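To start, the structure itself, in structure tokens.
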Amino acid sequence: MSRSYKSLLSAAVFLALALGAAVQAWADIVVVTGVNNQGTENVLLNVATNVTTATGTVGANNLVVNFTSSSGSGLLSANPNGQPAVSGGTGNTALTQLTMSLASNATFTRAVFNINAAVSGSVLIHVEGVNITGGFFEDDFTVDAASQNFFTITAINGQLITSVSLTAINGAVFGDVRQTRLGGGAIVSSTCAITCPAAVVTSNDTNQCGAVVSYAAPTTAGTCGTITCTPAAGSFFPVVAGGTNVTCAESLVGGGVGATCSFSVTVNDTQPPSLSQPPNVTVSLVENQTQTPVSFAAPVVGDNCPGVTVAATPPSGSAFPPGSTTVTVTATDASGNMTSATFLVQVLAFLKVPTMSEAALIVLALLLMGIVALRRSRQI
Ligand SMILES: [Ca+2]
């Protein structure tokens, strides 16, 4: 695919998206090829050979630009003369990957550069930034060893660029990347550094599966924009394994995110479950049995968090011998807190009930005994 065609295609895709035809209605990053856009600031490279990070500066504030590479040995050379160029260092393997970004959490909205291709192929352009739909932009474009290969990357819709990575594909090799310009309408720098408070560990609020937790604000150094922590201090933090991560971030003028830090808030469930007192149970043995199965209802349990289990020892339905046996019921919550209660199972001996004929004989015997006793008393 030729560069001009790809450029038109990108523009067409952008226009289609801009018209709201798709769910992701707006493109955030536009790449134009073959145009040497001068509306940005030259990156002035610092002379260096065989370094892991070639640096330069851009803008009135001398913002530091880092060029890093993962190709070959990762060593670079920076040439500030004429058309500043960064290439693979002396004696290293060919340059096929390069990432450029501003130090100090700075962002930019436009990058212009020229890939001087030693071997034709393609370049995969990967753009990281702020609020870019999908998290990043990525597309590939042809590079021709027979000509210069200019690219202009522009963030639109208020998005901000934090880094641009160039990776040679389809056999391409970069001789160097030169004429680099960064800037645009919203180049933003930050000298802010923030330090989060130490991790917070606390117990649940009574009857709550969590707690309202306050924590100290992060400490800052340098000049910082507004710092916001999420979840905010004073929020309700649930009981959750590993705790809840709190992220504090600096808001940059222009909408970007500057310095960040994070820490955890852990709320432990230390409240044991509630457990109703089970009533004692009394049963009688069946004739000719030496023990009897006894079932009893599970006690009513409750807890500040879900996941309570209850167990009885011996369990309901077990065979109980004559006499009293103590049953222990224990409720255990998801954090291992336990509450126990005991009750008695009383098994009475079998009591034989006389049949009707047996009862009649007993009554007759008692009656005869009464008559005999009456006669004896009259003979006295
Ligand atoms: Ca609990």
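Throughout, read-outs are computed from the coordinates displayed, never taken from laboratory work. Bear in mind the structure is a predicted one, so any value in this text is a computation, not a measurement.
Tell me, what is the percent relative contact order of the chain, built from C-alpha pairs under 8 Å that lie six or more residues apart?
12 percent
Quick one: which residues, 5+ away or cross-chain, put their amide H under 5 Å from the amide H of N337? H built at 1.01 Å from N.
Hits under the 5 Å cutoff: none.
For V119, list long-range residues whose amide hydrogen, built 1.01 Å from N in the peptide plane, is under 5 Å from its own amide hydrogen.
Result for V119 returns V173, G175.
May I ask you to evaluate 6.51 cos²θ - 1.76 cosθ + 1.60, the Karplus curve with θ = phi - 60°, for each residue of the stretch 131-139 and list the ³J(HN,Hα) values in order in whole Hz, giving x for glycine and proline?
3J(HN,Hα) across the stretch 131-139, in whole Hz: 6, 7, 4, x, x, 7, 10, 8, 7.
Pairing the Cα long axis of helix 3-18 with the longest principal axis of the chain, what angle in degrees results, from 0 to 90 and rounded to the nearest 10?
The angle comes out at about 50 degrees.
For the stretch 68-76, just list the computed ³J(HN,Hα) in residue order, Karplus coefficients 6.51, -1.76 and 1.60, θ = phi - 60°, integers in Hz, with x standing in for Gly and Pro.
10, 9, 10, 8, x, 7, x, 8, 10
Averaging over all projection directions, find the projected area of the Cα convex hull of the chain and quote it in nm² with one decimal place.
37.5 nm²
Work out from phi, with θ = phi - 60° and the Karplus expression 6.51 cos²θ - 1.76 cosθ + 1.60, the ³J(HN,Hα) of each residue of the stretch 202-218, listed in order in whole Hz, and give x for Gly and Pro.
Along the stretch 202-218, the couplings run 8, 9, 5, 6, 3, 6, 10, 8, x, 7, 7, 10, 9, 9, 6, 6, x Hz.
Amide H neighbours of T244 under 5 Å, counting only residues 5+ apart in sequence or on other chains, H built in-plane at 1.01 Å?
Hits under the 5 Å cutoff: V265, T266, V267.
Using Cα pairs under 8 angstrom and six or more residues apart, how large is the relative contact order of the stretch 61-130, in percent?
In percent, rounded to a whole number, it is 31.
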